[in-house]
Amino acid sequence: IQAQDAVLLGVSPDPVRSHEKFRDRYDLNFPLLADEDHSVAEAYGAWGKKKMYGREYHGILRSTFLIGADGRVEKVFRKVRPAESAAQVLAELGS
């Protein structure tokens with residue numbers, strides 16, 4: 001991703017300390033940003049109603065956003081699967 005002159009950021013509502021542990025555990029080489037009030041997620045439509053085991057609640061809707069140098073959202077990937085996300089982003093950056 002960096003070779004494509006792109007910047008990778010992770011954002012979630014987890015607190016900074018949780019991000020530090022996650023980053024260290026998986027040896028991540030990009031920043032993880034804490035959105036504890038989920039205002040960023042809401043602004044990007046990545047916070048919404050979810051269902052699990054018959055229970056409804058609000059939470060993160062896994063999404064990836066490609067944002068151009070001009071600050072405009074160029075591509076949105078919804079229902080992201082972590083194992084597939086990097087390949088999807090790289091394919092889009094290469095096109």
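The values are calculated or read from the model by the stated rules, or taken from the named source; none is laboratory data. Keep in mind the model is a prediction, meaning the values are calculated, not measured. For neighbour counting, all protein chains shown are included, and Cβ atoms are generated from backbone atoms with ideal geometry for every residue, glycine included. What goes into the accessible areas is simple: the full protein's heavy atoms, side chains included, and nothing from ligands, DNA or RNA. Shrake-Rupley method; radii C 1.70, N 1.55, O 1.52, S 1.80 Å.
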Residues of the stretch 39-53 being surrounded by 12 or more Cβ atoms within 10 Å (Cβ to Cβ), part of a strand (DSSP E or B) and in contact with an Asp or Glu (Cβ under 8 Å, 6 or more places away or on another chain), which ones?
Lys50
Among Glu56, Glu92, Glu36, which is outside any strand (DSSP E or B) and exposed (fewer than 14 other Cβ atoms within 10 Å of the Cβ)?
Glu36
Restricting to the stretch 77-89, name every residue that is without any contact (Cβ under 8 Å) to a residue 24 or more places away in the chain and open to solvent by less than 100 Å² (accessible area, probe 1.4 Å).
Phe77, Val80, Pro82, Glu84, Ser85, Ala87
Scan the stretch 61-77 for residues that are touching a strand residue (DSSP E or B) at 6+ places or on another chain (Cβ under 6 Å) and closer than 18 Å to Leu8 by Cβ and report the count.
11
